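Participant: Structure below; questions to follow.
Derivation of every value follows stated rules applied to the coordinates shown; laboratory data play no part. Bear in mind that the values here come from a model prediction, so they are computed numbers and not experimental data. Counting neighbours? That spans all protein chains shown, and the Cβs are built from the backbone with ideal geometry, glycine included.
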Amino acid sequence: MLLLVVSAVTFAIFFLVPRIGGQTVDQLAVQYVGKDANPESVAAVKKNLGLDQPLLVQYYDFVKAIVVGANYQFGPDPVTCNAPCFGYSFKTHVEVWPEITQRIPVTLSLAVGAAVLWLVSGVTIGVISALKRGSIVDRLSMTVALLGVSLPIFFTGLLGLALFTSQWPIWDTIEFVPFSESPGEWAWNLLLPWASLAFLYSALYARLTRAGMLETMSEDYIRTARAKGLRESKVVTKHGLRAALTPIVTIFGMDFGLMLGGAVLTESVFSFQGMGAYAVQAVRESDLPIVMGVTLTAAFFIVFCNLIVDLVYAAIDPRVRYS
Amino acid sequence: MPLLSVDDLTVTFRGGHGRPPTRAVDGVSFQVDAGRVTGLVGESGCGKSVTALALMGLLPGKGVDRGGSAVLDVGAGSEFVASGPVDLLGLGPGALRDLRGSRIAMIFQDPLSSLNPVVPIGVQVTEILERHRGLRGAPARKEAADLLDRVGIPDPTRRLKEYPHQLSGGMRQRALIAMAVACAPRLLIADEPTTALDVTIQAQILELLKELVDQEGTALLMITHDLGVVAGLCEQVNVLYAGRVVESAGRRELFAHPTHPYAHGLLGSIPRLDAPRGDPLHPIRGSINDRIAWQDGCAFAPRCDFYDEECLEGPPALTEPRRPDHRVRCVHPVLDTTAEEVTA
């Protein structure tokens with residue numbers, strides 16, 4: 001199943017991405033040649049890059065490169081692209097995969113921290129809201145949640161930056177510090193991006209959790225749990241929240257997968273060199289191998305996260321396991 | 001002294017938003033003796049389930065007014081529970097939680113929805129053992145398996161790891177009964193425990209309840225609309241109508257001499273196999289919605305065959321027109337009963 005989806009995605013990326021903008025093969029080749037394109041050099045590039053081959057052969061080469069690497073006849077010297085070869089950028093003359101792996105830690109740090117923050121805060125707020133339904137706390141947090149859902153990250157992020165780097169400078173500048181270098185600096189610099197992302201997402205999760213909790217807390221088995229004399233905290237966490245978790249896990253898998261593919265806006269706002277920023281840059285420069293490579297990586301993350309979600313399902317809802 | 005003495009219990013759901021409040025239970029009084037089976041009988045909407053929930057303290061806190069008293073003899077105290085009689089309606093939520101599951105327990109109507117679908121049976125049984133008996137880990141699991149075994153669930157150790165959807169309906173109800181009796185409560189309230197089950201399973205579950213009550217000396221408050229269940233199980237019967245007890249008697253006495261027109265009508269409405277062919281059924285006319293408030297007279301008057309002006313002169317009092325232990329709330333009790341003797 002996983003393999004099938006990944007193959008389908010690869011296929012789609014391969015066929016669709018080069019056609020965006022309606023370029024013909026010739027125009028594509030012209031781009032690779034650069035300024036002094038003449039019919040001979042264009043033909044040579046087409047031949048060397050296999051652009052004159054039938055599409056299926058090109059696709060085979062594309063996939064083969066991912067598995068075993070490839071050599072491209074480009075210019076005077078052949079260039080080597082080691083496996084897994086997610087493409088070779090003929091504009092910047094770099095292999096795409098090492099570039100991606102270099103940027104994954106940035107995106108991963110951003111995604112993991114923000115996800116932890118928004119899950120914890122969103123679910124907590126949602127539970128409290130559901131239990132205190134109709135109270136001031138409920139109304140206040142749902143209003144804030146609505147704000148969070150409505151405000152885009154380039155507003156909250158920039159506002160955060162403006163407030164905490166110039167108005168009340170808690171941070172001088174915000175830049176990515178690798179975890180391996182200094183975990184403290186890593187977390188400290190990521191705090192604001194995490195918070196802005198979490199504000200956006202936890203709002204969604206708070207609403208989702210609240211709706212789920214309102215539903216499960218009126219179930220008969222909650223009454224049974226109370227009839228046993230269990231403490232209310234146990235009734236809520238062990239019986240109520242447990243059963244309300246399924247939709248949250250579903251959405252979380254999607255969101256987290258998407259985020260691993262690059263939080264484009266957040267990375268731009270905070271000038272982080274993550275996958276998203278890389279993709280944007282590549283699109284701007286029409287650097288197709290990079291676009292394809294990043295898209296493929298992002299697609300893989302989404303598929304992977306959904307696989308994890310399916311596994312988690314089985315763990316939290318036993319009814320899924322047998323049906 | 002009876003184990004539980006409910007006196008003038010009222011439960012009113014506040015309407016809110018301009019709707020009038022609803023008085024679901026309107027002055028219910030009855031007693032439950034230790035180690036006996038007491039029935040609370042009535043049609044849908046007469047307030048029997050609300051009575052049970054009020055005793056358990058499981059009604060929502062907001063929007064509900066409670067009145068009267070329900071004094072339970074807790075018996076020997078423990079680490080958590082004070083000894084002696086307590087008024088269940090006067091207890092704080094914490095004290096009530098300590099009693100729930102340990103001194104009073106309840107079995108619900110629909111065994112499937114009453115079990116958490118995503119929590120293994122074993123956990124749902126052991127959590128009550130942990131709460132009230134401090135058992136954890138292996139000893140708790142051992143005790144849980146013993147409990148399942150006692151309520152007749154085969155292969156209990158394996159069942160502990162299973163989830164509610166893997167059990168049959170009867171098995172689920174047995175599991176719920178196991179949870180209810182886990183701490184040997186003094187009072188067990190069963191709210192229509194067999195309505196959602198097949199007839200053959202119903203009989204097994206009733207048999208099981210009877211056994212448990214006999215062995216443990218637990219008192220059982222059986223809430224039902226099923227006169228067959230009453231006949232088979234209950235020693236003392238209270239007939240509820242529109243939130244108030246209208247007749248209270250021993251089982252044989254009630255079935256032989258139903259004296260309130262409502263009870264009389266109820267028993268008369270049971271179809272009989274030995275009735276002549278073509279004999280029509282005898283339903284009570286109208287529905288429970290055709291009623292008047294108790295303070296204006298007899299709530300049953302609009303549906304009653306013996307109704308006259310006298311019925312509207314205020315709420316009828318409980319009288320003992322036949323014998324001292326047979327109380328009836330009616331100004332025109334059916335005394336010359338020629339009703340077919342129903343063998344209990």
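Participant: What is the magnitude of the charge dipole of chain A about its Cα centre, with +1 placed on the Cβ of each Lys and Arg, -1 on the Cβ of each Asp and Glu, and no other charges, expressed in debye to the nearest 20?
Facilitator: 1640
Participant: Using 0.36 nm times the number of residues separating residue B:272 and residue B:64, minus their current alpha carbon distance, what extension gain do you get?
Facilitator: 70.7 nm
Participant: Tell me whether segment B:242-329 comes out rounded, prolate or oblate; compute the Cα gyration tensor, take square roots of the eigenvalues as a ≥ b ≥ c, and use a/c under 1.5 as the rounded threshold.
Facilitator: oblate
Participant: For residue A:315 and residue A:4, calculate 0.36 nm times their separation in residues minus their Cα-Cα distance, and state this gained length in nm to one decimal.
Facilitator: Length gained, residue A:315 through residue A:4: 109.6 nm.
Participant: Normalised by the number of residues in chain B, what is the relative contact order in percent for Cα pairs under 8 Å and 6+ residues apart?
Facilitator: Answer for chain B is 19 percent.
Participant: Given a Förster distance of 22 angstrom, what is the FRET efficiency for residue B:282 paired with residue B:320, based on the Cβ-Cβ distance and rounded to 0.05?
Facilitator: Plugging the Cβ-Cβ distance into 1/(1 + (r/R0)^6) gives 0.25.
Participant: Among the lysines in the protein assembly as shown, how many pairs, 8 or more places apart or on different chains, have alpha carbons under 14 Å apart?
Facilitator: So the count works out to 4.
Participant: Once you charge only the Cβ atoms, +1 for Lys and Arg and -1 for Asp and Glu, what is the size of the charge dipole of the protein assembly as shown about its Cα centre, to the nearest 20 debye?
Facilitator: 620
Participant: Report the net charge of residues surrounding residue B:231, where surrounding means a beta-carbon distance below 12 angstrom and charges are Lys +1, Arg +1, Asp -1, Glu -1.
Facilitator: Result for the local shell: 0.
Participant: Moving on. In segment B:47-127, with Lys and Arg counted as +1 and Asp and Glu as -1 at Cβ, which of these residues, B:105, B:51, B:95, has the Cα nearest the positive end of the dipole, that is, farthest along it?
Facilitator: Ranked along the dipole, the leading option is B:51.
Participant: I've got another one for you. Just grab the label-to-label distance for residue A:147 and residue A:112, each label 7 Å out from Cα along the Cβ direction, in nm (one decimal).
Facilitator: Here the modelled spin labels are 3.1 nm apart.
Participant: To continue, here is another question. Rounded if a/c is under 1.5, else prolate if a/b beats b/c, else oblate: with a ≥ b ≥ c from the C-alpha gyration tensor eigenvalues square-rooted, which is segment A:227-294?
Facilitator: Note, shape of segment A:227-294 comes out prolate.
Participant: What number, in percent, do you get for the relative contact order of segment A:97-322 if the mean sequence gap of Cα pairs under 8 Å and at least 6 apart is divided by its residue count?
Facilitator: 27
Participant: Which residue fluctuates the most in chain B, going by a Gaussian network model with Cα springs under 10 Å, if the choices are B:26, B:191, B:214?
Facilitator: The residue with the greatest mean-square fluctuation here is B:214.
Participant: Ok, one more. Could you calculate the FRET efficiency of residue A:185 with residue A:104 from 1/(1 + (r/R0)^6), where r is the beta carbon distance between them and R0 is 22 Å, rounded to 0.05?
Facilitator: Efficiency, rounded to the nearest 0.05: 0.70.
Participant: Roughly how many nanometres apart are two label points built 7 Å out from the Cα toward the Cβ at residue A:283 and residue B:44?
Facilitator: In this crude spin-label approximation the distance works out to 5.8 nm.
Participant: Need one number for the protein assembly as shown: average projected area of the convex hull over its C-alpha atoms, nm².
Facilitator: Spelled out: convex hull of the Cα atoms, projected over all directions, averaged, 43.3 nm².
Participant: I need A:168, B:294 ordered by Cβ neighbour count within 10 Å, fewest first.
Facilitator: So the ranking, lowest neighbour count to highest, is A:168, B:294.
Participant: Just to confirm the number: angle between the C-alpha axis of helix A:183-216 and the first principal axis of chain A, 0 to 90 degrees, nearest 10?
Facilitator: Tilt relative to chain A: about 60 degrees.
Participant: Suppose we look only past 21 Å in the calculated P(r) of segment B:4-239. What percent of the Cα-Cα pairs does that tail hold?
Facilitator: Here the long-distance tail beyond 21 Å is 57 percent of all Cα pairs in segment B:4-239.
Participant: As I understand it, the value is the acute angle between the Cα axis of helix A:96-131 and the longest principal axis of the Cα atoms of chain A; what does it come to in degrees, rounded to 10?
Facilitator: Approximately 20 degrees, to the nearest 10.
Participant: I would also like to ask the following. Which FRET efficiency value, to the nearest 0.05, is calculated for residue B:22 and residue A:44 with the Förster distance at 60 angstrom and r the Cβ-Cβ distance?
Facilitator: 0.10
Participant: What angle, in degrees between 0 and 90 and rounded to the nearest 10, separates the Cα long axis of helix B:199-216 from the longest principal axis of the Cα atoms of chain B?
Facilitator: With rounding to tens, the tilt is 70 degrees.
Participant: Magnitude of the Cβ-charge dipole of segment B:4-239, K/R +1 and D/E -1, about the Cα centre, nearest 20 debye?
Facilitator: 760
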